[in-house]
1. Which one of these does ARG212 not meet: (1) in contact (Cβ under 8 Å) with a residue 24 or more places away in the chain; (2) open to solvent by 80 Å² or more (accessible area, probe 1.4 Å); (3) of a type outside the set (Phe, Trp, Tyr); (4) within 30 Å of TYR360 (Cβ to Cβ)?
2. For residues that are more than 23 Å from ALA343 (Cβ to Cβ) and surrounded by fewer than 19 Cβ atoms within 10 Å (Cβ to Cβ), tally how many sit in segment 176-200.
3. Of everything in segment 190-204, what is in contact with a Ser or Thr (Cβ under 9 Å, 6 or more places away or on another chain) and assigned to a helix (DSSP H, G or I)? Give them in sequence order.
4. Would you be able to say whether some residue in segment 327-335 is at pLDDT below 95 and surrounded by fewer than 20 Cβ atoms within 10 Å (Cβ to Cβ)?
5. One residue is enough: does segment 130-141 have a residue meeting the conditions without any contact (Cβ under 8 Å) to a residue 40 or more places away in the chain and over 22 Å from SER163 (Cα atoms)?
6. Across segment 282-301, what is the total count of residues that are open to solvent by 10 Å² or more (accessible area, probe 1.4 Å) and either assigned to a strand (DSSP E or B) or under 17 Å from TYR272 (Cβ atoms) (or both)?
7. Of the numbered conditions (1) closer than 27 Å to VAL326 by Cβ; (2) of a type outside the set (Lys, Arg); (3) in contact with a helix residue (DSSP H, G or I) (Cβ under 8 Å, 6 or more places away or on another chain); (4) at pLDDT 90 or above, LEU113 fails exactly one; give the number of that condition.
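The values are calculated or read from the model by the stated rules, or taken from the named source; none is laboratory data. Computed from a prediction, not measured in an experiment: that's the story for all the values here. FYI the Cβ positions are ideal-geometry reconstructions off the backbone, even for glycines, and counts take in every protein chain you see. For the accessible areas, the whole protein counts, side chains as well, though only heavy atoms, and no ligand, DNA or RNA atoms are used. Shrake-Rupley method; radii C 1.70, N 1.55, O 1.52, S 1.80 Å.
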Amino acid sequence: MKNLKYVVLLWLTFVAFNNVIAQKAFKLEGNIKNPAMEGSMVLLAYHNGKTLKHDTTRVRQGHFELSGTVEKPVKVLLFVSYSKEEEAKKKKRGETNHFYLDAGITSVKGESLETATITGSAVQDDFSLLQKSLKSAGWTDEDLMEDRMIAKRDSVHFAFLASHPNSQISFDLMKQIARPNLLARRYEEMSAIYNDLSSAWRESEDGQRVARLLLGAKKLGIGKEAIDFSMDDVSGNPVSLSDFRGQYVLLDFWASWCIPCRAENPHLVKAYEKFKEKNFTILGVSLDKESGRQQWIDAIEKDGLPWIHVSDLKGFDSTAARSYNVLSIPINYLIDPKGKIVAVGLRGDQLIKELEKILY
């Protein structure tokens, strides 16, 4: 028994020691010349591999320092507040920037935080290169709904992924952009890029998730035949997807407990009201469970969703969810009168824009 206790103690010491050495020290050195930030609070937020951490300090004579530990390069948020006078003038509390932090020294230098030059690790160098390429293409976050600019952004992303197959920025970027709408539109390109990425990443949890999304896009991409299914509506009457043949139908996967889904519902209502007389309707598929049946019905009424709703109340084990490889919600498929998929993952005003192209 004493020997067993010794072995256990030795093993725990080994694990603890390895956890300690896995954490690497970093120092963040900032030099911001903007007088409006003198004496202001600096906030750094990041995930150290186990928990979300944050640290604060203040700008003194244009300089600040923060330190801590990370297991690997992590994307961080840095915020510096304005003086009260600058806040009143600019109508915002301060400036933010996102970048990658790794062991060693990372430097933030510039007239302001938003325009600062950030140098440090090789991962940050890759991230800076990607940001520079996006800027050269004319991309800004305000262009999110501009089709022309989205295409430019996607081209920059694809070029970076193809030229940096072993970069953590590529791994994080692939995880970020691998969404059903993009995969459905550009499956062949995304599949080729994925196959060229590091095999270690492809075998990781994130890599395997992207692989499942690619498999779903191959089966359910644009031009593919929509998979038929049948479920009961709120009154217990069977409804099949094929019942809507001859119409444009938006197959919408959602749930009463899903906050993004509920936030998306007003956009669906707007599209339904605008196009319901033009051979368009919506079929809602709920991923609520049996215990949430009443919440599902209440959400339909509260959100004012007048179209047909079905569910087998099995959550993500829903027959339709499995058929359509639904890994997260909301997600939708726009299906034409012949039963072919014409668009995937239309959010916000994108749905109205797509329907205007098709129906007008």
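1. (4)
2. Just the residues of segment 176-200 that are more than 23 Å from ALA343 (Cβ to Cβ), to begin with: 195-200.
So of that shortlist, the ones also surrounded by fewer than 19 Cβ atoms within 10 Å (Cβ to Cβ) come out as 195-196, 198-200.
Number of matching residues: 5.
3. Across segment 190-204, the qualifying residues are ILE193, TRP201.
4. yes
5. First, pick out the residues of segment 130-141 that are without any contact (Cβ under 8 Å) to a residue 40 or more places away in the chain: 131-141.
Still in the list and also over 22 Å from SER163 (Cα atoms): 140-141.
Scanning segment 130-141, I find at least one residue that is without any contact (Cβ under 8 Å) to a residue 40 or more places away in the chain and over 22 Å from SER163 (Cα atoms), so the answer is yes.
6. 3
7. All conditions are met except number (1).
Conditions (1) more than 27 Å from VAL123 (Cα to Cα); (2) outside any loop (DSSP other than H, G, I, E, B); (3) touching a strand residue (DSSP E or B) at 6+ places or on another chain (Cβ under 7 Å), marked per residue:
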position: LYS175; (1), (2), (3): no, yes, no
position: ASN181; (1), (2), (3): yes, yes, yes
position: GLU188; (1), (2), (3): yes, yes, no
position: ASP206; (1), (2), (3): no, yes, no
position: LEU215; (1), (2), (3): yes, yes, no
position: ILE227; (1), (2), (3): yes, no, no
position: MET231; (1), (2), (3): yes, yes, yes
position: SER235; (1), (2), (3): yes, no, no
position: SER242; (1), (2), (3): yes, yes, no
